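The values are calculated or read from the model by the stated rules, or taken from the named source; none is laboratory data. Just so it is clear, the structure is predicted and the values come from calculations on it, not from any experiment. Here the Cβ positions follow ideal geometry from the backbone for every residue, glycine too, while neighbour counts run over all protein chains shown. These accessible areas exclude ligands, DNA and RNA; they are computed on the full protein's heavy atoms, side chains included. Shrake-Rupley method; radii C 1.70, N 1.55, O 1.52, S 1.80 Å.
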Amino acid sequence: MKGKRVHIKSFGCQMNKLDTALVTSALRKAGFSLTGSEKEADVVLINTCSVREHAEQRVLSHLGHLKHIKKTRPDMVVGVIGCMAQRLGDKLLEHEAVNIVCGPAQIPRITELVTKALQEKAKSLAVTEKIRKTTEKQNQTLEKFESAYGIEDEQIPGQAFVRAMRGCNNFCAYCIVPYVRGPAVCRPPQAIIEQIKKLADQGVKQVTLLGQTVNSYKYRSGQRTYCLADLLVMASDIKGIEWVKFVTSYPSEEFFDQILQVMADSPKVCNYLHLPAQSGSDKILRAMNRRYSSRWYLELLDKARAVVPDIAIAGDFIVGFPGESQDDFAATVEMVKKARYKNCFIFKYSPRPGTRLWRAGKGLEDDVGAEVKQKRNIELLAVQEKVSDELSRAFLGKEVKVLVEGLSKKPHLNAADSGDNPQLVGRTATDYIVVFNGPESLAGRFAKAKITRTSPLTLFGELI
Ligand code: SAH
Ligand code: SF4
Ligand code: F3S
């Protein structure tokens, strides 16, 4: 399909963005070219997320916009890929603007689907029928697609994401991911390491291993069982790789000690842990089907800090889960105060059809009102902001090493003394965001900055 232009947009998490990179790479190899402009595109692909209703609404409203564009450009092909495609399947295909619906486990077919849509104008549906019962053959097809295409289309210079695990088997009561991404499958360590080697050859300095519960990575090969700690060591040994990160972890004891030890021992394994707690109330944790208590979780954090003293920890919380009383919420506030997260992602509960809670007949049960949810969200954010502010302040006057991402979108804060240099943004090994003035040519490279000012979520400094 030489000469056809594709525009692709991601609306989801890191996994979703990684799929976008794979799809982009596959289409490029098939002769398509990419365009940043939707209006110029022959094909528009939207990679979607189903985790909260709001994420789906954004996609639906974008489809409305595309329907409008198609009035003047009826030949344009619109494809919806990703988690929402898998969840809604043929219902989504009924949408006037949509030509292709392709679930996350069907992306190896993307070139064929797009080519067919351009030639035949027919609608096509590619979703996995029994997503919880995927076959070995399906896994192999995905693995082949994933390892063949690598990630030449890096989105941040010098950095790449590499999947360690697909899917999830945890079935947290609120969560749609196991039903749209399928069962947990660990990729072979050799495939992961080969991929990282290729990336390092292309100049990648930081890799982030991805999985919904990446710390539970486990792969048996002959006599040996590989865990995440092994992958971290193997990745660190690759020439050119300087920093190795991983997200997201599930609070569990399995392999935890090994992972912490590798963090403590290897300067390349970044001292950063994203370990969502979701709630500080044991009653709510049980209802969520999270398999730990708040006390046990906090002890896990103590242990992490004992082994890796400068570790930075980030969290996720859901407020307004069905049945969350004022006392339950107070327990969450307590936990956020005690956990001392670097930062926290806070979400308002959103009922998702098909999840455990929904199947238990608690479908639309969403008994904490919208106003209360909003109030709790704001309150929890304020508690976290105070902690973040204190932790950030400790960086004042210190020197930090950052991997520069590129130009900062923040308003220029040091315009007077910036000289000719623009404002750059980078991240430390512990995931702190650092903003400073410097030459754009530093993008994708390491730099040192001295911190002169802080805000809860950003450190500001001067290039050394
Ligand atoms: N696998 C990761 C992240 C999954 S989705 C983990 O287990 O931590 C990212 C976050 O979205 C979750 O941590 C959770 O806080 C939030 N989330 C998931 N389902 C949700 C729902 N139905 N409503 C609100 N937030 C939700
Ligand atoms: Fe969802 Fe729980 Fe799996 Fe995370 S661990 S993806 S929250 S089911
Ligand atoms: Fe990610 Fe959303 Fe799917 S969080 S795995 S894109 S449902």
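At-a-glance table
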{"quantity": "Residue match in region 393-404 (condition: part of a strand (DSSP E or B) and open to solvent by 20 Å² or more (accessible area, probe 1.4 Å))", "calculated": "yes"}
{"quantity": "Region 389-400 residues that are under 16 Å from R427 (Cα atoms), paired with ones that are in a loop (DSSP other than H, G, I, E, B) and among the β-branched types (V, I, T) (beta carbon under 6 Å, 6 or more apart)", "calculated": "V400/T428"}
{"quantity": "Candidates L125, L142 - the one that is in contact with a helix residue (DSSP H, G or I) (Cβ under 6 Å, 6 or more places away or on another chain) and among the aliphatic types (A, V, I, L, M)", "calculated": "L125"}
{"quantity": "Residue, surrounded by the most Cβ atoms within 10 Å (Cβ to Cβ), within region 282-299, restricted to residues that are more than 19 Å from L260 (Cβ to Cβ) and of a type in the set (A, V, I, L, M)", "calculated": "L285"}
{"quantity": "Yes/no for E324 being closer than 22 Å to N170 by Cα and among the acidic types (D, E)", "calculated": "yes"}
{"quantity": "Breaking point among (1) within 16 Å of ligand 3 (Cβ to nearest atom); (2) among the small types (G, A, S); (3) free of Cβ contacts under 8 Å to residues at least 60 places away in the same chain, for G361", "calculated": "(1)"}
{"quantity": "Residue in region 144-152 that is outside the structural domain of S33 (by TED's automatic domain parsing) and within 17 Å of V6 (Cα to Cα) present", "calculated": "yes"}
{"quantity": "Which numbered condition A306 fails, given (1) surrounded by fewer than 17 Cβ atoms within 10 Å (Cβ to Cβ); (2) assigned to a loop (DSSP other than H, G, I, E, B)", "calculated": "(2)"}
{"quantity": "Residue within region 217-237 that is within 15 Å of ligand 1 (Cβ to nearest atom), within 30 Å of E56 (Cα to Cα) and crowded, with 19+ Cβ neighbours inside 10 Å present", "calculated": "yes"}
{"quantity": "Single condition Q140 does not satisfy, out of (1) open to solvent by 20 Å² or more (accessible area, probe 1.4 Å); (2) within 23 Å of I110 (Cβ to Cβ); (3) within 16 Å of ligand 1 (Cβ to nearest atom); (4) not acidic (D, E)", "calculated": "(3)"}
{"quantity": "Any hit, region 265-277, residues being over 28 Å from K205 (Cα atoms), within 16 Å of ligand 1 (Cβ to nearest atom) and assigned to a loop (DSSP other than H, G, I, E, B)", "calculated": "yes"}
{"quantity": "Region 156-213: number of residues that are within 16 Å of ligand 1 (Cβ to nearest atom) and not aromatic (F, W, Y)", "calculated": "27"}
{"quantity": "Enumeration of residues in region 1-56 that are among the hydrophobic types (A, V, I, L, M, F, W, C) and within 16 Å of ligand 2 (Cβ to nearest atom)", "calculated": "C13, M15, L18, C49, V51, A55"}
{"quantity": "Test: residue in region 43-63 that is surrounded by fewer than 17 Cβ atoms within 10 Å (Cβ to Cβ), touching a helix residue (DSSP H, G or I) at 6+ places or on another chain (Cβ under 8 Å) and not small (G, A, S)", "calculated": "no"}
{"quantity": "Residue match in region 263-281 (condition: over 19 Å from Y432 (Cα atoms), surrounded by 15 or more Cβ atoms within 10 Å (Cβ to Cβ), among the aliphatic types (A, V, I, L, M) and in contact with a strand residue (DSSP E or B) (Cβ under 9 Å, 6 or more places away or on another chain))", "calculated": "yes"}
{"quantity": "Single condition A160 does not satisfy, out of (1) surrounded by fewer than 22 Cβ atoms within 10 Å (Cβ to Cβ); (2) closer than 30 Å to E56 by Cα; (3) away from ligand 3 (no atom under 16 Å from the Cβ)", "calculated": "(1)"}
{"quantity": "Unmet requirement for V177, which otherwise passes all of (1) at pLDDT 95 or above; (2) open to solvent by 40 Å² or more (accessible area, probe 1.4 Å)", "calculated": "(2)"}
{"quantity": "Residue ID - surrounded by the fewest Cβ atoms within 10 Å (Cβ to Cβ), chosen from residues in region 189-215 that are out of contact with any Asp or Glu (no Cβ under 8 Å at 6 or more places or on another chain) and of a type in the set (G, A, S)", "calculated": "G203"}
{"quantity": "Of all residues in region 247-256 being more than 16 Å from ligand 3 (Cβ to nearest atom) and part of a loop (DSSP other than H, G, I, E, B), the one that is surrounded by the most Cβ atoms within 10 Å (Cβ to Cβ)", "calculated": "P251"}
{"quantity": "Candidate set: region 344-360, residues that are within 7 Å of ligand 1 (Cβ to nearest atom) and of a type in the set (K, R); chosen: the one most open to solvent (accessible area, probe 1.4 Å)", "calculated": "K348"}
